[in-house]
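Here the structure comes first, spelled out in structure tokens, and everything after it is commentary.
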Amino acid sequence: MKHLYGSCHCGAVEFEFDSSAPVPFMRCYCSICRKTSGGGGYSINIMGMSDSLRVTKGKDTVRSYRAIKDKNVPKSEQLLCQNRYFCSTCASYLWAHSEEWPEWIYPYASAIDTELPVPKQMASIMLENAAKWADPRNIPGRDAGNEMFDKYPSYSLEQWHKNHPDI
């Protein structure tokens with residue numbers, strides 16, 4: 001178990017939590033991550049224990065957004081995605097939380113201030129939704145030897161860490 005610290009860009013929000021899965025190895029290219037996280041067309045989350053999350057500064061500054069999984073279905077059938085928490089001052093994404101897995105939080109690796117382990121291998125998921133300009137399969141030499149998935153892999157973040165104990 002590793003104790004991690006994170007914050008937003010402007011410094012208004014600081015938080016901490018415990019993680020048994022701190023390696024930032026998985027890039028998510030789904031349309032929600034691509035559009036809400038900015039950057040390179042994907043987001044990278046790690047995993048933490050929900051009951052260990054403490055916002056140590058700026059709790060009143062934290063807001064959340066809950067995306068719709070598929071905007072192409074009628075409103076009465078739309079499913080909501082996990083809550084994504086961010087700083088209302090600088091808009092930095094901080095962590096996500098899903099009612100489906102209440103014991104976990106999914107902090108954005110970019111919000112973590114503690115030095116994280118360097119992954120020996122990356123995985124790219126939800127590539128069926130990747131923008132062509134960001135899809136690693138379209139960029140020669142990018143991500144050579146790393147795992148690629150059109151949807152989610154059969155393993156979880158936690159299982160990946162259990163399968164890679166040397167990290």
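The values are calculated or read from the model by the stated rules, or taken from the named source; none is laboratory data. This one's a predicted model, so the numbers in the text were calculated from it and none came from an experiment. Cβ placement follows ideal geometry from the backbone for every residue including glycine, while neighbour counts extend to all protein chains displayed. Note: accessible area is taken over every heavy atom of the protein model, side chains too, but ligands, DNA and RNA are not part of it. Shrake-Rupley method; radii C 1.70, N 1.55, O 1.52, S 1.80 Å.
Each label point is 7 Å from the Cα along the Cα-to-Cβ direction; what then is the distance between the points at Asp60 and Thr89, in nm?
1.2 nm
For the chain, report the accessible area per residue in Å² (1.4 Å probe, heavy atoms, rounded to an integer).
Each residue of the chain exposes 55 Å² on average to a 1.4 Å probe.
Dimensions of the stretch 1-72 along principal axes (Cα, Å, largest first)?
Answer, in whole Å and largest first: 38, 28, 22 Å.
Treat each spin label as a single point 7 Å out from the Cα along the C-beta direction, and report the Lys35 to Gln159 distance in nm.
The answer from the label model is 2.9 nm.
Which percent of the accessible area of the chain is formed by carbon and sulfur heavy atoms (probe 1.4 angstrom)?
Solvent-exposed carbon and sulfur of the chain make up 50 percent of the total.
With runs of 4+ DSSP H residues as the only contributors, calculate the mean residue ellipticity of the chain at 222 nm using -39,500 (n - 2.57) per run, divided by the residue total and rounded to the nearest 500.
After summing the helix terms and dividing by residue count, I get -2000 deg cm²/dmol.
Which entries in Lys132/Lys162; Lys57/Lys120; Lys2/Lys132; Lys59/Lys151; Lys35/Lys59 show an alpha-carbon gap greater than 29 Å? Working shown, then result.
Values: Lys132/Lys162 32 Å; Lys57/Lys120 33 Å; Lys2/Lys132 36 Å; Lys59/Lys151 34 Å; Lys35/Lys59 25 Å.
From Lys132/Lys162; Lys57/Lys120; Lys2/Lys132; Lys59/Lys151; Lys35/Lys59, over 29 Å: Lys132/Lys162; Lys57/Lys120; Lys2/Lys132; Lys59/Lys151.
Suppose a student asked you for the relative contact order of the chain, using Cα pairs under 8 Å spaced at least 6 residues apart; what percent would you report?
This gives 27 percent for the chain.
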